[in-house]
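Quick notes on the structure that follows.
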Amino acid sequence: MKLSRLTVMVTILSLLAAGIAFAGKDLDAVKKKGFIQAGVNGNVFGFGMPDNKGVWKGLDVDTARAVAVAIFGDASKVKFTPLTAQQRFTALQSGEIDLLTRNATRTLSRETKLGLNFVTVNYYDGQGFMVPKKLGVKSAKDLSGATICVLPGTTTEQNAADFFRTNKMDWTPVVIESTSELAQTFFAGRCDVLTSDASQLAGTRAIAPNPKDYVVLPEIISKEPLAPAVRHGDDQWRDIVDFAVLAMINAEEMGITSQNVDKMLKSKDPMVQRFLGVIEGNGKALGLDEKWAYNIIKQVGNYGEIFERNVGVNTTLGIERGLNALWTNGGLMYSPPFK
Amino acid sequence: MSNPTTKATREFLKPPVTEVGVIGWLRSNLFNNWYNSLLTVIVMLLFWQLIPPAFSWAFVNSVWNTSAEVCRETDGACWSVIPQNINFIFFGFFPEDQQWRPGLAMVLLIALVVYSKNRNHWKKSLGIYWLINLVVMASLMYGGIFGLPVVETDQWSGLPLTFMLALFGIVAAYPIGVILALGRQSKMPAIKTLCVVYIEMIRGVPLISLLFMSSVMFPLFLPDGVTLDKVLRAQAAIILFSAAYVAEVVRGGLQAMSRGQFEAADSLGLNYNQSMRLIILPQALKIVIPPTVGVLLSVFKDTSLVVIIALYDVLKTTKVTLSNPKWTSYSTEAYIFLAVLYFICCYAMSSYSRKLEKELHTGH
């Protein structure tokens, strides 16, 4: 009896050890499969949502496509799994997806307790307030005593409560379950203020009966750095995802777009040459084709392009670059050197 | 000498106009005393207030197939949200140039369901038709043969997904439910306990938690890299869940059978299988048609719960369409459309069950 119990324990332990030994092979698994399984939102316009032809569109979607291009040289080598907020981390942990690009905020507990590695932020979001222009409110500090429309059970509600408590102001929450009803309630005037992530506010303002009647206040009361994530255990895979995002930012900084990338191949600038793989080295270091960055820019575009295409001022959302502008323009988008 | 007045009274005097015809009906049903009259007047006023505006919203001021920009300008309903997005609502992620495939599969399915409704067609050949149809439908949906490109199950969505989950849910849950009900009545303690535990456990948790288990917990128990199809997992959860409910309904039918039927079967020398198949079950299942249909209807409607595990059934595809800021304001129209769709399916099922009840009625 004793012996058999021992055998069972040894077997379990060795299985566990084997599990650990085989983890860290995410990149190999992806290459063997021939495509990336990416977890996306599925419901947020501009970030991850199918259009009316069933084609995935969005900033997060394009980020996942960039990773696919880096590895396979083909933007179509990615499959999207729509995930709910509850499912998203389990799906990554269990290996159902290889990459999570689902507007997830990078936090300490998610990095550690959930065993995730977030890479470079692809969208800096934050919670803000929107008010009707006719109220004449100029700052969120003037909102004492306001009725505020908010989604229940999210960090949004918590953040708003914290903000009002720290500033010693009163507020009355009007809690409404669905995003679209929340917007309609706000437009109908049942509450003075609508609070949500700034990217959402922009979308809501866009569908207002008369968008010019509403203003988004300048205060941002929470930090929501939204970043792609992979699971612990495969550093090479993490690096590739990280630099796929960085390549798009770097390309914008260098002024390389999907339009002029072919011309840029002839550039005399060694930094550009190194970036586009004319001078070899970066690709080998990452374990990728030397043309990986060229391919990303050619097929997906630089960060500025995917931003403008999905959420920028000419889209329904009409979001300004703000924090998401390049560091040279006063934003936070910054890429380490590609050398 | 007869009295002419009396005669006239007897032959020609009609009941007062206030007692017959439309007026009479109104008087005796709507205005027969003061509070009914009051209620009638209030209800009439309500109708007057509600129906004309609703009618002009839905039909007069409405637009039917325009862009979202045109919708902004109109006061009425914007039904355009449906035709403008119909491909995605119906077929979801199925590649657009291949959408005739799920379309054809659904037509085949509905045709066969309609054919099967007639009891004269209940022969062996019907089973063969179903088998052939299933194979054809599967190859239409999945592809990979006859030069059809493969469409993975994660791209199956919209109406075909709803129908598939519902149909297989119903078809598989019913026999499993019957077996569980018989098991619960069994004299063998092991089988009986197993069935009781299963039924009570499943009935003790909501379908949502089962779906969550299947989609969130289950993959953690699988070895690395092994994934089981998500649609399949949801389908299994729905079947397991519904079977427990069907089982209890069928048990009700079994208990309603009089002792005499069992004894009569025994005295004819029939064994367990024969007596169940020939005597008990046909009667018991007939008794419980109404509650069974109730369970099956809720299976159909419960398939919409798969949205919480991010499967795109027809409800979810509609919701996604509404997430587009262009269409967000027209959720009422989209949900009315869905309600009509669900109503048609459910009403067809329940009216068929009533017909079946009537046909099978052999009581005295």
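Structure summary
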item: Which listed residue, of A:THR107, A:THR90, A:THR101, is facing another protein chain (nearest Cβ under 9 Å), hydroxyl-bearing (Ser, Thr, Tyr) and within 28 Å of A:LEU182 (Cβ to Cβ); result: A:THR90
item: Number of the exception - B:ARG251 against (1) within 14 Å of chain A (Cβ to nearest Cβ); (2) farther than 20 Å from B:THR162 by Cβ; result: (1)
item: Evaluation of A:SER144 against (1) outside any helix (DSSP H, G or I); (2) within 14 Å of chain B (Cβ to nearest Cβ) (one fails), failing number; result: (2)
item: Only listed residue being more than 13 Å from B:ALA310 (Cβ to Cβ), touching a strand residue (DSSP E or B) at 6+ places or on another chain (Cβ under 9 Å), touching a residue at least 12 places away in the same chain (Cβ under 8 Å) and assigned by TED's automatic domain parsing to the domain that holds A:ARG309, chosen from A:VAL40, A:VAL78; result: A:VAL78
item: Residue in segment B:129-136 that is in a helix (DSSP H, G or I), closer than 30 Å to A:VAL78 by Cα and either at pLDDT 85 or above or more than 14 Å from every other protein chain (Cβ to nearest Cβ) (or both) present; result: yes
item: Those residues of segment B:72-98 which are under 16 Å from B:TYR142 (Cβ atoms) and more than 9 Å from chain A (Cβ to nearest Cβ), in sequence order; result: B:GLN98
item: Matching residues, segment A:45-61, being in contact with a Pro (Cβ under 8 Å, 6 or more places away or on another chain) and either more than 7 Å from chain B (Cβ to nearest Cβ) or in contact (Cβ under 8 Å) with a residue 24 or more places away in the chain (or both); result: A:PHE45, A:GLY48, A:TRP56, A:LYS57, A:ASP60
item: Number of the exception - B:ALA310 against (1) on the phi > 0 side of the Ramachandran plot; (2) away from chain A (no Cβ under 14 Å); result: (2)
item: Residue match in segment B:290-311 (condition: at pLDDT below 90 and over 22 Å from the mean Cα position of the chain (by Cα)); result: no
item: Residue satisfying condition, being within 21 Å of A:ASP162 (Cβ to Cβ), within 14 Å of another protein chain (Cβ to nearest Cβ) and at pLDDT below 95, within set A:SER196, A:SER180; result: A:SER196
item: Helices (runs of 4 or more DSSP H) within segment B:54-103 that include 2 or more residues of a type in the set (Val, Ile, Thr); result: B:81-84, B:86-91
item: Only listed residue being in a loop (DSSP other than H, G, I, E, B), without any contact (Cβ under 8 Å) to a residue 40 or more places away in the chain and out of contact with any helix residue (DSSP H, G or I) (no Cβ under 8 Å at 6 or more places or on another chain), chosen from A:ALA85, A:ALA68; result: A:ALA85
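For (1) under 28 Å from the mean Cα position of the chain (by Cα); (2) aromatic (Phe, Trp, Tyr), each residue gets a yes or a no:
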residue: B:VAL63; (1), (2): no, no
residue: B:ILE86; (1), (2): yes, no
residue: B:PHE94; (1), (2): yes, yes
residue: B:LEU140; (1), (2): yes, no
residue: B:GLU152; (1), (2): yes, no
residue: B:LEU159; (1), (2): yes, no
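The values are calculated or read from the model by the stated rules, or taken from the named source; none is laboratory data. Everything numeric here is computed off the predicted structure, so don't read it as measured data. Here Cβ is always computed from backbone atoms with ideal geometry, including for glycine, and neighbour counts include all displayed protein chains.
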